[in-house]
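See structure below.
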Amino acid sequence: MTKSEKIAQQILGRIHNHDRDQGGVLTETTGAQGSAKTAVNLAFTDYTLKNFPKEKIFWSECYDAPLQIFKLKNIDKIKFFIQKDKKIVFRNRDDHLRHIDLHPIEFTTFSDLYEKAKPGHVNVVFFGDRLIWMEFIKYLRSIGEWVHIYIEEFSEIAPMFPHADLWHKVKEFAKTLKDVRKCMMNMHYNSQQVSDIHYECRNKVMIKIFLPGAFKDSHCRVTQLAIDNLERNYKKGNQAYLVQGGEFGKTRFTDIYTPRSGYHYESHVQE
Ligand SMILES: Nc1ncnc2c1ncn2[C@@H]1O[C@H](COP(=O)(O)OP(=O)(O)OP(=O)(O)O)[C@@H](O)[C@H]1O
Ligand SMILES: [Mg+2]
């Protein structure tokens, strides 16, 4: 194992850490379209399911897009949750967007959702508006148990250029993210480019994962040339750099997550 691979393993160890003294972790994964960003979230989710089956996992999907969670290998472990009265439906893209029943569980408040969420499962939650995740994550901060949060396309929640009202919310949210380190919360998000995300939120990220096609970040030790040389390999898995502060290492995400039955379903909020 090279020194770089060793450091990558150490950083991966920190990602799954359960040490109350060290606290939680906030990771960011960026890379080109199709560079396996979702696969990284799924690999971490699988690890959590296997190693911490008594803990709760929350997963945030985009609306009007294929449900990425259906790439998970063990689809028996998925539970869908929808907020009551929010007119959230699921539609089948292979059948003219006809409604499909994914047997979602309805919840009212955050505490109702937390109570109903099943440990050892991926609880895929729809509030009808992705911005609500900022409030839900704040709520989870004070739960007092280890929780795991996976967010797809984080720029929909904390964009680089939020409009007036959202700007205040995003600034408040950055304070919540600062606390991830101090609570028992492991949070992972992905986005295509670092510049898509509000800088105050990005500043709180503890571990950065760069996949092929990622843009380098100004405060990062890894050079753009190094990122450009990461190998894409749909059989062996894509290479990535893992960066934690001034340290970085190279690894390969060897688990391949491909679309499965259900991938062509989408969530939609009715007018
Ligand atoms: N570990 C992996 N390494 C390389 N390729 C992978 C890996 N896992 C899955 N793939 C392949 O790459 C495709 C895209 O993966 P994935 O959806 O994770 O990428 P993404 O970066 O999230 O894409 P998008 O930009 O569309 O969100 C998958 O459908 C699969 O064929
Ligand atoms: Mg993706």
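Laboratory data are not the source of any read-out in this text; all were calculated from the coordinates shown. A quick note: this is a predicted structure, and the numbers were derived from the prediction, not measured. Backbone-built Cβ (ideal geometry, glycine too); neighbour counts: all protein chains shown.
For the range 127-167, what is Rg from Cα atoms divided by 2.2 N^0.38 Å, rounded to two decimals?
This ratio for the range 127-167 stands at 1.30.
A 29 angstrom limit on the alpha carbon distance is what I want to check against. Which of LYS56/LYS235; LYS204/LYS250; LYS84/LYS169 exceed it?
Checking Cα-Cα distances, LYS56/LYS235 exceed 29 Å.
Under 20 °C and 1.002 mPa s, how fast does the chain diffuse according to Stokes-Einstein, given a Kirkwood radius computed over C-alpha pairs? Answer in µm²/s, whole number.
Working: Rh = 19.0 Å.
Roughly 113 µm²/s, to the nearest whole number.
Along the charge dipole of the chain, which of ILE15, HIS103, ASN41 sits closest to the positive end, that is, farthest toward it, with unit charges on the beta carbon of Lys, Arg, Asp and Glu (+1, +1, -1, -1)?
So the residue furthest toward the plus end is ILE15.
Any idea how far apart MET160 and LYS138 come out in nm if each label point goes 7 Å out from Cα toward Cβ?
Using points 7 Å along Cα→Cβ, the separation is 2.6 nm.
Give the calculated FRET efficiency between LYS84 and ARG14 to the nearest 0.05, with a Förster radius of 51 Å applied to their Cβ-Cβ distance.
Step by step, r from the Cβ atoms, then E = 0.85.
Can you compute the FRET efficiency between THR108 and TYR199 using 1/(1 + (r/R0)^6), with r the Cβ-Cβ distance and R0 = 30 Å? Round to the nearest 0.05.
The formula returns an efficiency of 0.30 here.
Taking the Cβ of GLU231 as the centre, find all other residues whose Cβ is under 15 Å away and add up their charges (Lys, Arg: +1; Asp, Glu: -1).
On the way: positive: ARG232, LYS235, LYS236, LYS250, ARG252; negative: GLU5, ASP228.
Neighbour charge sum, excluding GLU231 itself: +3.
Note down the magnitude of the dipole of the chain about its Cα centre, charges +1 on Lys and Arg C-beta and -1 on Asp and Glu C-beta and zero elsewhere, to the nearest 20 debye.
820
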